[in-house]
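Novice: Sharing a structure here in structure tokens format.
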Amino acid sequence: MRPGSLEQDGLVQALRTHAAAVQGRTGLPVVVDARAPERLPLPLEDALFRIAQEALHNAVKHASATSARIELTANQHSVELVVQDDGQGFDESAVGSGRLGLAGMRTRSEQIGGRFGVVSRPGQGTRIEVVAPVTPPAEGGTRGDAAVASGASSGAASPGGGAPLIGGMT
């Protein structure tokens, strides 16, 4: 079941609406920076919305964050979603791969042919990244995902100054 605002207004507006609701409910300031077309394919919008929703939920529930940011950029070939918080972060090596929130975000990313990455360090916040094709791969195929690791390169800075795990698709 999709949020009504997603089907009606598209991903960008749904992210803004959700961010405002989270801020109103919890007091956590959430900035949404979206540079994307008005609409993307609905299955892509749905998966990206759910990933952002879970990442914000984690920032509120686990991270003790004082701010969060959602960035959405797209071109004709790919879309990138970044959800970043300034919370307590975590030691990636100490978190099992079966953590439901992270596993769910990874699975949703794979379902849209995307790559999923997380960069987090204790005391330095968390950065969730998804890069997916605007046109999904043929049935049954995926583009794979990036291994959960810190310090891989793409160019933009992550919380604490390290490079994010994944960047734009080619």
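Novice: Over 25 Å from residue 8 (Cα atoms), open to solvent by 60 Å² or more (accessible area, probe 1.4 Å) and touching a Gly at 6+ places or on another chain (Cβ under 9 Å): does that describe residue 123?
Specialist: Working: over 25 Å from residue 8 (Cα atoms): yes; open to solvent by 60 Å² or more (accessible area, probe 1.4 Å): yes; touching a Gly at 6+ places or on another chain (Cβ under 9 Å): yes.
Taking the combined requirement at face value, the residue satisfies it.
Novice: Can I ask one more? Run down 43, 3 and say which single residue is without any contact (Cβ under 8 Å) to a residue 60 or more places away in the chain and either out of contact with any Lys or Arg (no Cβ under 7 Å at 6 or more places or on another chain) or under 23 Å from residue 135 (Cα atoms) (or both). Before you say what the answer is, go through the steps one by one.
Specialist: Working: 43 fails: without any contact (Cβ under 8 Å) to a residue 60 or more places away in the chain.
Being without any contact (Cβ under 8 Å) to a residue 60 or more places away in the chain and either out of contact with any Lys or Arg (no Cβ under 7 Å at 6 or more places or on another chain) or under 23 Å from residue 135 (Cα atoms) (or both) holds for just one of 43, 3, which is 3.
The values are calculated or read from the model by the stated rules, or taken from the named source; none is laboratory data. Remember, predicted model here, so these are calculated numbers, not experimental data. A quick note on method: Cβ atoms are made from the backbone with ideal geometry, for glycine too, and the neighbour counts reach across all protein chains shown. For the accessible areas, the whole protein counts, side chains as well, though only heavy atoms, and no ligand, DNA or RNA atoms are used. Shrake-Rupley method; radii C 1.70, N 1.55, O 1.52, S 1.80 Å.
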